[in-house]
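Everything below concerns the one structure shown next.
The values are calculated or read from the model by the stated rules, or taken from the named source; none is laboratory data. The model shown is predicted, which means the values in this text are computed figures rather than measured ones. Virtual Cβ from ideal backbone geometry, glycine too; neighbours counted across all protein chains shown.
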Amino acid sequence: MKILAILIAITLTHLFPMLYRYRGSGWLEKYIRKANNQLSILPGWAGVTSVVLLPLIPLVMLWLVMQLSSALLGNLGIFLLAIVVLLYCFGPRDLDADIKAYLQAETTADKCKAMTHLCGPACNTIAGDHEHPIDDQADILNDSPLMAGAVFQQALRRWFAIIFWFAIAGIIGALAYRLIEWLSHRALPLSDQQRENFRTVCSAMEWPVAQLMTLSLAIAADFDSVYSAWKQYHNEQGHSLFEGDNGFLRAAACSIVLTGSAGNDGFADQLENEPHAVVQQAMDLIWRVMGVWLAVLAILLLAGWLN
């Protein structure tokens, strides 16, 4: 039922983009303040303890709701709860709708507003990379590689990471990633050490997702170009496969989009490498990657490896 829940949630998110209004995380700020006040006496609260306990308590509550749903409605209750949790975790906004708003924006001010909706709290950084801030948001609008990277980074955080962890660990996995992502990147009452710890955990959870997205991009577009960009990124960064951030995904996406590989195979229109066109091609590639993921999930379902 997992793949069916994913398909229904994606469809509802696409058909009803206004669902983002019900994805608020205001409760999380109140919860963190209360937890910091009452649990700060625990040893290691500024470090590992808070990283474990802050997400754990909401996850335990979700587990109790799962047990109640199962007791009342059986598998149907779990299925319906899975759809609700996926709808809550996808986003915060529909990526396709935000891309469309950006493409239809006519003025620089409108484009900057659309970029804020697209990138959220990370709109002042290079595709969500907190180590390389950009002072003027308008700079992003004129930088094709940054725009392509931003689209893929947002696709990872809004869709693919949720799908991956839902497939791996069910409802608990989907909410666990979303909580960690919120704790990593939203303006919440956390200490610098706590936020850095959550970012480390978030990067670790996103790493396998980014690798699979890169592999899917290679399958859906140009394998040689993607592999060359992936390998060159690791060589230039000077670290091994399991070190560093997820910049290899952005590098691969930029390589495909900016070299025209996405347009040359007949799927996307051949477009010039201006930011407006790059965003359109990047979104086309995202849908192709999604197609690969859903096909693999269907195969796993038929093979009996995915319940």
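The table for this structure:
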{"item": "Identity of the residue in the stretch 267-307, aromatic (Phe, Trp, Tyr) and at pLDDT below 85, that ends up surrounded by the fewest Cβ atoms within 10 Å (Cβ to Cβ)", "result": "Trp305"}
{"item": "Residue ID - surrounded by the fewest Cβ atoms within 10 Å (Cβ to Cβ), chosen from residues in the stretch 34-62 that are of a type outside the set (S, T, N, Q) and closer than 18 Å to His185 by Cβ", "result": "Pro58"}
{"item": "Output for the stretch 180-189, where each listed residue is surrounded by fewer than 21 Cβ atoms within 10 Å (Cβ to Cβ) and touching a Phe, Trp or Tyr at 6+ places or on another chain (Cβ under 8 Å)", "result": "Leu188"}
{"item": "Residue in the stretch 238-266 that is surrounded by the most Cβ atoms within 10 Å (Cβ to Cβ), counting only those that are at pLDDT below 75 and among the polar types (S, T, N, Q)", "result": "Ser261"}
{"item": "Residue that is surrounded by the most Cβ atoms within 10 Å (Cβ to Cβ), among those in the stretch 190-216 that are closer than 16 Å to Trp45 by Cα and among the acidic types (Asp, Glu)", "result": "Glu196"}
{"item": "Residue match in the stretch 25-39 (condition: without any contact (Cβ under 8 Å) to a residue 12 or more places away in the chain and outside any helix (DSSP H, G or I))", "result": "no"}
{"item": "Ala5 being within 21 Å of Arg199 (Cα to Cα) and among the aliphatic types (A, V, I, L, M)", "result": "no"}
{"item": "Residue that is assigned to a helix (DSSP H, G or I) and without any contact (Cβ under 8 Å) to a residue 24 or more places away in the chain, where the choices are Leu42, Leu80", "result": "Leu80"}
{"item": "Residues (within 28 Å of Phe166 (Cα to Cα) and surrounded by fewer than 16 Cβ atoms within 10 Å (Cβ to Cβ)) located in the stretch 220-237", "result": "Phe223, Tyr227"}
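Yes/no per residue for (1) of a type outside the set (Gly, Ala, Ser); (2) surrounded by fewer than 24 Cβ atoms within 10 Å (Cβ to Cβ); (3) modelled with pLDDT of 85 or more; (4) touching a helix residue (DSSP H, G or I) at 6+ places or on another chain (Cβ under 6 Å):
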position: Gly120; (1), (2), (3), (4): no, yes, no, no
position: Thr125; (1), (2), (3), (4): yes, yes, no, no
position: Gln137; (1), (2), (3), (4): yes, yes, no, yes
position: Ile171; (1), (2), (3), (4): yes, no, yes, yes
